[in-house]
Amino acid sequence: MSTIKQIIDRSVTVKQALASKCILPAERAAEMIASSLANKGKLMLCGNGGSAGDSQHLAAEFVATLDHTRPRPGLPAIALTTDTSFLTAYANDFGFDGVFARQVETLGHKGDVLIAISTSGNSKNVVAAAKRASELGILVIAMTGQSGGQLAENCDLLIAVPSDITMHIQEGHIALGHAITAQVEQLLEN
């Protein structure tokens, strides 16, 4: 069997497990986000590497729209991964572990929501952001791989993709992110 076929077959298996194990927490995440946005809150997202890309991707879906054939008002969302001037200045002076926590404490307010994305659940800067958010009354949704890592203990809601293979966890995160965005849009329409 080819490598490509093996990877796609594994991906399908993870997505099937995702459909049975992550629907309820994803629905709860959509409710939390919709409630925050309806009450003038905002959504913040953070992660490293591919998870940084997912943060940016999902923030764009909220601000722009998930489906251009169904235009709607923009929803306030920000990826804490995009300001390279801040990230490099702060990391240079204080280290990388606090780059997201500092933005959470500066930009976040009680009633906001943070989506903390880490395939291992142990990224120091993402865990620090989750901890700081909790201290400030900001709800934390953690998106991780199956173990949940340290984020499992530092969140209000855990969405753990049932895999320990990074690429498949990331695929699960973006699929869940799209589904959550669609559900938030629907909740806010009603």
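Points worth noting:
- Potential extension, Thr13-Ala38 segment - 0.36 nm per residue separation minus Cα distance: 5.4 nm
- Radius of gyration over Kirkwood radius for the chain, both on Cα atoms: the Rg/Rh ratio is 0.97.
- Other-chain or far-sequence residues with amide H under 5 Å of Val140's (modelled H): Leu114, Asp156, Leu157
- About its Cα centre, the chain has a charge dipole of approximately 100 debye under the convention of +1 per Lys or Arg Cβ and -1 per Asp or Glu Cβ, with nothing else charged.
- Averaged over residues, the count of other Cβ atoms within 10 Å places the peptides 65-73, 116-124 in the sequence 116-124, 65-73, highest first.
- Between Ala60 and Ala152, the C-beta separation translates, for a Förster distance of 25 Å, into a calculated FRET efficiency of about 0.35.
- Restricting the calculation to Cα atoms, the range 36-95 shows an Rg/Rh of 1.08 when the hydrodynamic-style radius is the Kirkwood one.
- For the range 167-190 versus the range 19-43, the gap between their alpha-carbon centres in whole angstrom: 9
Where a number appears in this text, it was derived from the coordinates with a stated rule and is not lab data. Nothing here was measured: the structure is a model prediction, and the numbers come from that model. So basically every Cβ, Gly included, is an ideal-geometry build from the backbone, and we count neighbours across all protein chains shown.
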